[in-house]
Amino acid sequence: MMVEGRVPLGGQEALERFYAEVERYFHDLKSMVMRLQWDSDDPHRFRALFEYETERDFETDDIRSRVDPATMALRSRLESLLEGLPEVSIWRESSRQFSADLVRAYWGLVDAREWEALRAIIADDIVMEWPAFNERIIGADNVIAANAAAPEHWVAKVNWVVASGDHVASSVEVLLGTGMKYVLGTYWTVRHQRILRATEHWCPYGVSEAPAWRRKFAEPMDVSR
């Protein structure tokens, strides 16, 4: 990742102190090397290069930068030291890992009821569809409100997440406080590093009776696992 920008007159020392603090903060968490360079033709223009050992290390930091209050505060401090907003360039081998991590972050934030952080990873015009209930929820405000209005006594467990570019599929089990258990198969679309669309199929365990012609070929599932 590369961050470029320009500091006002006399701002070089403050920026160097800031990036020294940033490097210590991230290095404690991940294997990351940061290099701060000044433009030889314009001594007030800089370039900060962040090199990660693995793409997964970067993806984790990238998502955290939008949902973790401490990291968001660092970003705000950087902007206060510059003339204008910084220019950020990101190189990825692929977007698969990021898209999958974004979906995992969605469930983690919903489970923790962290609504402000959730807003940071979903698009303003997100569309969520629940075919089993014949429902379509449009817009970030409605998606957050619908999740916030849900009863608190439920637990979500992410079974797996697979991604191909901007498209993601996931399997999640939800246990309600009533004891009812659902498995959710969801198809997600990610655009511009935010969740744009999700079609979520809620399937309750053991509600529909198996047809008589098929019973001799099957056995009951163990839903207690």
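The values are calculated or read from the model by the stated rules, or taken from the named source; none is laboratory data. As the structure is a computational prediction, the values presented were derived from the model and not from experiment. Because the Cβ atoms are built from the backbone with ideal geometry, glycine has one as well, and the counts that use them run over all protein chains shown.
Looking only at region 2-32, residues that are hydrophobic (A, V, I, L, M, F, W, C), farther than 15 Å from D62 by Cα and modelled with pLDDT under 75 come to 0 in all.
Residue-by-condition table, conditions (1) at pLDDT below 90; (2) over 27 Å from S99 (Cα atoms); (3) not hydroxyl-bearing (S, T, Y):
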residue: V161; (1), (2), (3): no, no, yes
residue: S170; (1), (2), (3): no, no, no
residue: V174; (1), (2), (3): no, no, yes
residue: L184; (1), (2), (3): no, no, yes
residue: H192; (1), (2), (3): yes, no, yes
residue: R215; (1), (2), (3): yes, yes, yes
residue: D222; (1), (2), (3): yes, yes, yes
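Pairs are defined by a Cβ separation below 6 Å, a sequence spacing of at least 6 or placement on different chains, a first member in region 157-177 that is free of Cβ contacts under 8 Å to residues at least 40 places away in the same chain and under 16 Å from I195 (Cα atoms), and a second member that is surrounded by fewer than 15 Cβ atoms within 10 Å (Cβ to Cβ) and of a type outside the set (K, R); the pairs so defined are A169/V162; A169/Y187.
Once region 62-90 is narrowed to residues that are assigned to a loop (DSSP other than H, G, I, E, B) and farther than 19 Å from E21 by Cα, the residue that is modelled with the highest pLDDT is E83. For first residues located in region 48-61 and closer than 15 Å to M2 by Cα and part of a helix (DSSP H, G or I), partners that are at pLDDT below 70 and among the polar types (S, T, N, Q) and lie 6+ apart or on another chain with Cβ distances below 9 Å form the pairs E55/S94. State yes or no: is D111 within 25 Å of T186 (Cβ to Cβ), modelled with pLDDT of 75 or more and not assigned by TED's automatic domain parsing to the domain that holds S164? When the stated conditions are applied, D111 does not pass them.
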